[in-house]
Amino acid sequence: MRAKDPILSQMKVEVVDTLPPSRVTLDTGMTVESPNIEVTSAFTLGVPDMIDGRFESLYPALDEAAEQALRTLMPAFYQHVSHVTEAAGQTIEAGGRPFIEVMIETIDKMDVNFDEEDKPTFSIVMHPDMMEEIRAQGEPSPEAMARLQEVIERKRVEYHRRRDTRRLS
């Protein structure tokens, strides 16, 4: 199932005995709680095939079960992310603006980290249908790209200031 979804495949797996509801405490002190996501799948197998060691029907059945689970899990995951980001005031209304403008505003709101080569290490998650809309907008203007670079450079300076002021306990 994880291999079928590019976002889910990047999430860390942790085995736990019990799973309490998700609680996120915002900088304001407000706590956003979300219930667990129940994911189920069903599939049918022919017992005679399994007894005889014929697994040709097993693999497509497992594949469809994974698809069923993803159709429940991922929309609920995106709804959870939306709920938390809205509560934190971290959503941005695109309102028909070019993607590059929305991206600049988004990065400007984020704490951005940088790798050992001083390159930004963030990911932008969006619905796959958005890629076609972005492609249709064409290449960003040089002015927009310059503004993006200004924001990234400012975030680089902020990152290094944060790192320079960390204290070890």
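Quick note: the coordinates plus some simple rules give every number you see, no bench work behind them. No experiment lies behind these values; they were computed from the predicted model shown. Don't worry about glycine lacking a Cβ; one is built from the backbone with ideal geometry, like all the others, and counts go over all protein chains shown.
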request  = Equivalent ellipsoid semi-axes for the stretch 2-87, as square roots of 5 times the alpha carbon gyration tensor eigenvalues: give them largest first, rounded to whole Å.
outcome  = 36, 13, 11
remark   = Helix 99-109: inclination vs the chain longest Cα principal axis, degrees, rounded to 10, gives 80 degrees
message = Just to be sure I understand: with springs between alpha-carbon atoms less than 10 Å apart, which residue in 102, 47, 125 has the highest mean-square fluctuation in the Gaussian network model of the chain?
response = 47
message = Can you return the aspartates and glutamates within cross-link range of residue 119? Criterion is Cα-Cα under 20 Å, with same-chain partners fewer than 8 residues away left out.
response = 105, 108, 111, 150, 153, 158, 164
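Please give the FRET efficiency for residue 41 paired with residue 82, using the beta carbon to beta carbon distance and R0 = 35 Å, rounded to the nearest 0.05. Show your work: numbers first, answer last.
On the way: r = 24 Å, r/R0 = 0.70.
Calculated transfer efficiency: 0.90.
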ask   = Which of the aspartates and glutamates could a cross-linker bridge to residue 4, judged by Cα under 12 Å and excluding same-chain residues fewer than eight apart?
value = 63, 64, 67
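Okay, helix-only estimate at 222 nm for the chain: each DSSP H run of n ≥ 4 adds -39500 (n - 2.57), divide by all residues, round to 500 deg cm²/dmol; what do you get?
It comes out at -15000 deg cm²/dmol, rounded to the nearest 500.
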key: Local electrostatic count, residue 34, Cβ distance below 13 Å [Lys/Arg +1, Asp/Glu -1]   = -2
remark   = Amide H proximity to residue 22 below 5 Å, modelled H, separation 5+ or other chain, gives 34, 36
task = Sticking to Cα atoms, compute the Rg of the stretch 71-145 to one decimal and its Dmax as the biggest Cα-Cα distance, whole number, in Å.
result = 14.3, 41
key: Choice from 99, 77, 122 showing the highest fluctuation, given a GNM over the chain with Cα pairs closer than 10 Å   = 122
remark   = The orientation-averaged projected area of the Cα convex hull of the stretch 37-121, in nm², is 10.3 nm²
key: ³J(HN,Hα), Karplus 6.51/-1.76/1.60, whole Hz, each residue of the stretch 65-75, x for Gly, Pro   = 4, 5, 4, 4, 4, 5, 5, 9, 5, 5, x
message = Could you compute Rg(Cα) / (2.2 N^0.38 Å) for the chain, with N its residue count?
response = 1.40
message = Springs between alpha-carbon pairs under 10 angstrom, Gaussian network model over the chain: which of 17, 108, 118 fluctuates most?
response = 17
query = In what sequence do 59, 159 fall when counting other Cβ within 10 Å, fewest first?
reply = 59, 159
remark   = A correct Karplus calculation of ³J(HN,Hα) over the stretch 123-133, with 6.51 cos²θ - 1.76 cosθ + 1.60, θ = phi - 60°, whole Hz and x for Gly and Pro, returns 10, 10, 9, 8, 5, x, 4, 5, 4, 5, 5
message = What is the sum of charges, Lys and Arg at +1 and Asp and Glu at -1, for the other residues whose Cβ falls under 14 Å from the Cβ of residue 66?
response = -1
Vicinal HN-Hα couplings computed from phi for the stretch 159-165 (Karplus, 6.51 cos²θ - 1.76 cosθ + 1.60; Hz; Gly/Pro x) = 4, 5, 5, 4, 5, 6, 9
